[in-house]
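Accompanying notes for the structure given below.
What follows is calculated from the coordinates using simple rules that are stated; it is not laboratory data. Computed from a predicted model, the values in this text were never measured in an experiment. Virtual Cβ from ideal backbone geometry, glycine too; neighbours counted across all protein chains shown.
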Amino acid sequence: MDNKAHWSKIYQTKGADQVSWYQVNPALSLHMIQQTGIALDEPIMDVGAGASTLVDHLVNLGYQNLTLLDLSAEALQVAQMRLGEKARALTWLEGDVTTASLPEHHYAVWHDRAVFHFLTDPHARQQYVQQVARSVRVGGHIIIATFALDGPEKCSGLDVVRYDPQSLHAEFGAQFKLIRDTKEAHHTPWGTEQQFVYCYCRIEGA
């Protein structure tokens, strides 16, 4: 089963609030996005947006220029249905982040909670980093969250790569200036705990 079919099956068989990564309130992601200080009309990319409630909170805070990208059309449809008419003003992209056609030097914020750690192939990680460098504007903000070194070794039956702040930042390189990092103990819907690491970087000119 390819990745697209894998994630589509998950959202065909499970409720959006019954997957391990579900958050009622994605407080840390929201805080980090707000701390960038961007204007409410500047473009934000949420990679692996799926059925996440992050978009609801961003819309309610007044952010207007949101792009939601995910492999699973089913996951995006859950979010679209939940948002109703508000969804019409947003950009929804079904596709693979490593190969998707994205505008150059466009996004002010690139947010990814729990996609990058699924890239176990070094070439895929390189493609991802190149995509970020190409589509985020100079001075733009990158927020990446993955499982920490003491986090799970697998998620939804797939292997992951676990990171600490140093190894995660090393994947991106010197063009991405590490501003700060933090950890989060995420509580799954069934009460278990998963350790995440977040890195916040600014992209600098070549």
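Points worth noting:
- Diffusion coefficient of the chain by Stokes-Einstein, Kirkwood radius over Cα pairs, 20 °C, 1.002 mPa s: 126 µm²/s.
- The residues packed around Ile44, meaning those with a beta-carbon under 14 Å from its beta-carbon, carry a net charge of -3 if Lys and Arg are +1 and Asp and Glu are -1.
- Protection proxy ranking, peptides 149-162, 34-47, average beta carbon neighbours within 10 Å, highest first: 34-47, 149-162
- Extension gain from Arg202 to Lys86, taking 0.36 nm per residue of separation minus the Cα-Cα distance: 38.8 nm
- Take 173-182, 52-61 and order them by the average number of nearby Cβ atoms within 10 Å per residue, most first; the result is 52-61, 173-182.
- Dipole magnitude (debye, nearest 20) for the stretch 3-203, charges at Cβ of Lys, Arg, Asp, Glu: 160
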